[in-house]
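Accompanying notes for the structure given below.
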Amino acid sequence: MVTVVFGARGNVARHVAAGLVARGEQVRPTSRTPYAANPFPGAEMVAADLERPETLSAALDGADRVFLYAKPAGIDGFVAAARSAGVRQVVLLSSGAVLGDTSEHNPIGRTHSAVESAIVESGLEWTFLRPGMFATNALWWWQHSIRTQGLAYATDPESRTAPIHEKDLAALAVTALTEPGHHGQAYPVWGVEALTLRQQVRRIAEAIDREIAFEVVSVDEARARLSETMPAYGIEPVLAGWAAGAAHPPNVSSIVEEVTGRPGQPFAQWAKDHANDFR
């Protein structure tokens, strides 16, 4: 059976593809630019772009399973191509935002909910991964300021989040793609521990063996700094997440261990894995 992994150079998908290869599965990683270096020996990288439906038929030809990220603009074309190709199963990287308000005030929740609905209605077998805060968000927030100034910032250093290691999401996806019992499951995925933003910065400092100062800034100043390092659509959810973490303890989860049989990875491990990104 062939498993197509969309966006295989992405933070999560590259670990999905690597995990499937390690299990001896036939993997077809895709990229919008497949002619760059292929990080998956023995697996041919093919061209596919969810916003260009004409690229999907060839990528899905003969495939049985798919790992997909949520791309609302391309979901109808994907569903049509997947059904035509005889795809049986889709594991979707969705968002925990679908669990809350999905009105016009929550564009992330609204768009991911639309993708989930299209897949449910397609008749394909499905599993949804609904993560909360990604640990990789710390790269958007602090990579540049830590590398250039030895400085991190936030509106409240005691705000708590439960960051998820991208390898944990990949492990869930690999399990859902290769083991029975996950059809129709929508897994909310939170990190294994709640940490203050100050504690997260301390973990990064330990990983790079370097002191990092912490600056408390206003909401407007945080918004301005975030606008220099991350997409505009993500800024308000980040600020809202920081505000929520200052008021209430975040959800934590053991779902990774329950589904995969191995414990989820703490933020300290994520910081070690990404130490070079902050040096």
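The values are calculated or read from the model by the stated rules, or taken from the named source; none is laboratory data. All of these numbers come straight from a predicted model, not from anything done at the bench. Here the Cβ is made from the backbone with ideal geometry for all residues, glycine too, and neighbour counts use every protein chain on show. We work out accessible area using only protein heavy atoms, side chains counted, and drop any ligands, DNA or RNA first. Shrake-Rupley method; radii C 1.70, N 1.55, O 1.52, S 1.80 Å.
Before moving on, here are some points about what is shown:
- When the test is whether a residue is open to solvent by less than 50 Å² (accessible area, probe 1.4 Å) and over 24 Å from Ala18 (Cα atoms), Leu172 does not pass it.
- Within the stretch 203-221, the set of residues being at positive phi and surrounded by 11 or more Cβ atoms within 10 Å (Cβ to Cβ) is empty.
- The combined condition, being open to solvent by 10 Å² or more (accessible area, probe 1.4 Å) and in contact (Cβ under 8 Å) with a residue 40 or more places away in the chain, is fulfilled by Trp126.
- Assessment of the stretch 94-103 against the conditions (outside any loop (DSSP other than H, G, I, E, B), open to solvent by 10 Å² or more (accessible area, probe 1.4 Å) and either free of Cβ contacts under 8 Å to residues at least 24 places away in the same chain or aromatic (Phe, Trp, Tyr) (or both)) yields no matching residue.
- Output for the stretch 244-267, where each listed residue is open to solvent by less than 50 Å² (accessible area, probe 1.4 Å) and within 27 Å of Pro180 (Cβ to Cβ): Ser253, Ile255, Val256, Val259, Thr260, Gly264, Gln265
- Screening the stretch 222-235 for residues that are in contact (Cβ under 8 Å) with a residue 12 or more places away in the chain and open to solvent by 70 Å² or more (accessible area, probe 1.4 Å) and picking the one that is nearest to Arg160 (Cα to Cα) gives Arg223.
- Residue in the stretch 175-189 that is open to solvent by 10 Å² or more (accessible area, probe 1.4 Å), on the phi > 0 side of the Ramachandran plot, not in a strand (DSSP E or B) and not aliphatic (A, V, I, L, M) present: yes
- Positions within the stretch 75-93 being without any contact (Cβ under 8 Å) to a residue 40 or more places away in the chain and under 13 Å from Ala114 (Cα atoms), in sequence order: Leu92
- Unmet requirement for Arg225, which otherwise passes all of (1) outside any helix (DSSP H, G or I); (2) over 20 Å from Leu92 (Cα atoms): (1)
- Summed over the stretch 230-253, the residues that are modelled with pLDDT under 95 and in a loop (DSSP other than H, G, I, E, B) give a count of 7.
- Test: residue in the stretch 138-158 that is open to solvent by less than 50 Å² (accessible area, probe 1.4 Å) and within 14 Å of the chain's Cα centre (by Cα): yes
- The set of residues in the stretch 128-160 being assigned to a strand (DSSP E or B) and more than 19 Å from Ser218 (Cα to Cα) consists of Phe128, Leu129, Arg130, Pro131, Phe134.
- Residues that are surrounded by fewer than 16 Cβ atoms within 10 Å (Cβ to Cβ) and either under 22 Å from Pro180 (Cβ atoms) or free of Cβ contacts under 8 Å to residues at least 24 places away in the same chain (or both) within the stretch 104-120 comprise Glu104, His105, Ser117, Val120, listed in sequence order.
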